[in-house]
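Novice: One structure, pasted below without further comment.
Derivation of every value follows stated rules applied to the coordinates shown; laboratory data play no part. All of these numbers come straight from a predicted model, not from anything done at the bench. Positions of Cβ are backbone-derived with ideal geometry, glycine not excepted, and every protein chain shown enters the neighbour counts.
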Amino acid sequence: MSNDIVRYPSELPLPFSRAVRAGGFLLLSGQIPMSAEGEVVTGTIEEQTEAVMTRIGETLAHCGADFSQVVKATVWLSDMQHFAGFNEVYKRYFEAGLPVRSTVASGLALGVDVEVEVQAWVGEA
C-alpha cells in the first residue's frame, strides 16, 4: 500500500485543499453550491444541489476520477424539508450505484441549503 499523499489545492482563498489522495482514496472537501466563477448559487434546493454535484464532478475529473468511484457521501441540509428535493437531483449522478451516505440537518456557511462531501476509491497509487 502506498503511503503517498497528494494534495490538490483549492482555487479559493480559504485554508483547505480541494481534494487529497491518500493511498487508494480520494477525499474531497465539502462542496457548497457555487458557480464555476466561485459565486454562491441561491435558489431552490434542486438548483443548489445541481450546482454542488456539478462542482463535485469537476473536482473528481480534475483528480482523474468520476462519480462511479464514489463510495461515501456526507450531506448537510439546512432543513430536512429539503430531503426529497435533494434526493431527486443527487440520485441522477450515481448511475453505476449509490454510495453509502449520511445526511444531517445543520446551519451552513454563507446561508446555503446544502453541502456535500464525498470520498472515492481510485485504487492504489
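Novice: Can you work out the Karplus-derived ³J(HN,Hα) for every residue in region 92-109? Use 6.51 cos²θ - 1.76 cosθ + 1.60 with θ = phi - 60°, whole Hz, and x for glycine or proline.
Specialist: For region 92-109, the Karplus curve yields 5, 8, 10, 5, 7, x, 7, x, 5, 7, 10, 9, 9, 9, 6, x, 10, 4 Hz.
Novice: Tell me the net charge near residue 63. Cut-off is 9 Å between Cβ atoms, residue 63 excluded, with +1 for each Lys or Arg and -1 for each Asp or Glu.
Specialist: Spelling it out: positives minus negatives among the neighbours equals +2.
Novice: Now a separate question. What net charge is computed for the residues neighbouring residue 8, neighbours being all others with C-beta under 11 Å from the C-beta of residue 8, Lys and Arg scored +1, Asp and Glu -1?
Specialist: Counting the neighbours of residue 8, the net charge comes to +2.
Novice: So for the chain, averaging the separation of alpha carbon pairs under 8 Å that are six or more residues apart and normalising by length, what relative contact order in percent results?
Specialist: Relative contact order, the chain: 32 percent.
Novice: What is the dipole size for the chain, taken about its Cα centre, with +1 at each Lys and Arg Cβ and -1 at each Asp and Glu Cβ, in debye to the nearest 20?
Specialist: 420
Novice: Here's another thing I want to ask about it. Tell me the angle of helix 45-62 to the major Cα principal axis of the chain, expressed in degrees between 0 and 90 and rounded to the nearest ten.
Specialist: Between helix and principal axis, roughly 10 degrees.
Novice: Kirkwood-based Rg over Rh for the chain (C-alpha set), two decimals?
Specialist: Rg divided by Rh gives 0.96.
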